[in-house]
Amino acid sequence: MSTPATPVRPRLRVVIHGATGRMGEALVRLAATDDLLEIVAAVSASVDQRVVDGIPRFSARELEGLPAFDVAIDFSRPDGFSQILALCVQRAAALVSGTTGLDAAQKHALQAAAAGIPVLWASNFSLGVAVLADLVERAARALPDWDCDIVEAHHRNKLDAPSGTALSLGEAAEQGGALPRYASLRAGDIVGEHTVQFTGVGERIELVHRAGSREIFARGALHAASRLAGRGPGLYRIGDILD
């Protein structure tokens, strides 16, 4: 008696938006090694070659010509975010975005899009940072009279300051009742370091997260994309996906 064949799971069709940035390159490299993912398009500001390592390349001006996809992963810039969000709404596809520096109108558009498609925006896709945010809120709640300072460091080419992760940690501190202050450093090729410091009279607590490689963020984003696609509409958090 023959054993029934195991159904073959269709590969998830993925668009990488911002494919030539630091995160975009990591996403393309890692996704290409995952048998459950298919990169149907890699999008960047401009295109020199139409196909690189078997992956079709499109410019940001050619979004309407993208093939069908299940989820877009966006690590671009604010001026490109709105276009990929609109396309995902038009195509009824999921969106995972780590683009920082969004303005109030773009954040509102993200919330509006969640009424029709599953969307996930996060300033950081590291599980360690998610735990750090929880610790920051608890510390702020337990130390109501202490000063709270957030110091972040990134590579010299990062444009926004404070970083999106620093602002998210600040929101966690505010949830606990603290009033955070921020300081930013841009130097060398630092991937990402965040220190949340609580200072009282005669004592100090430091909560620190250091990223040694962008691969931790890329792996988190790919994992989030695989979990988000196929879900119902809504605005998801990183904790909803990476648990």
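Readers should treat all values here as calculations from the given coordinates under stated rules, not as data from a laboratory. Everything numeric in this text was worked out from a predicted model, so none of it was measured. Here the Cβ positions follow ideal geometry from the backbone for every residue, glycine too, while neighbour counts run over all protein chains shown.
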Residue-span extension gain [residue 134 to residue 30] - 0.36 nm each, minus C-alpha spacing: 34.6 nm
Set of region 155-180 residues, backbone N closer than 17 Å to the point 7 Å along the Cα-Cβ line of residue 199: 178-180
Positive minus negative residues near residue 194 (Lys, Arg vs Asp, Glu; Cβ under 11 Å): -2
Net dipole in debye of the chain [+1 Lys, Arg Cβ; -1 Asp, Glu Cβ; about Cα centre; nearest 20]: 560
Ellipsoid equivalent to region 127-212 - semi-axes via the Cα gyration tensor, in Å: 22, 13, 11
In degrees, nearest ten, helix 127-142 long axis to first principal axis of the chain (Cα): 30
Cα-based Rg of region 54-163 normalised by 2.2 N^0.38 Å, two decimals: 1.32
Furthest towards positive pole of dipole, 176, 54, 207, structure part the chain, Cβ charges: 54
Pairwise FRET efficiency - residue 171 versus residue 38, Cβ, R0 = 30 Å, nearest 0.05: 0.25
Cα-derived Rg over Rh, computed across the chain with Rh taken as Kirkwood radius: 1.02
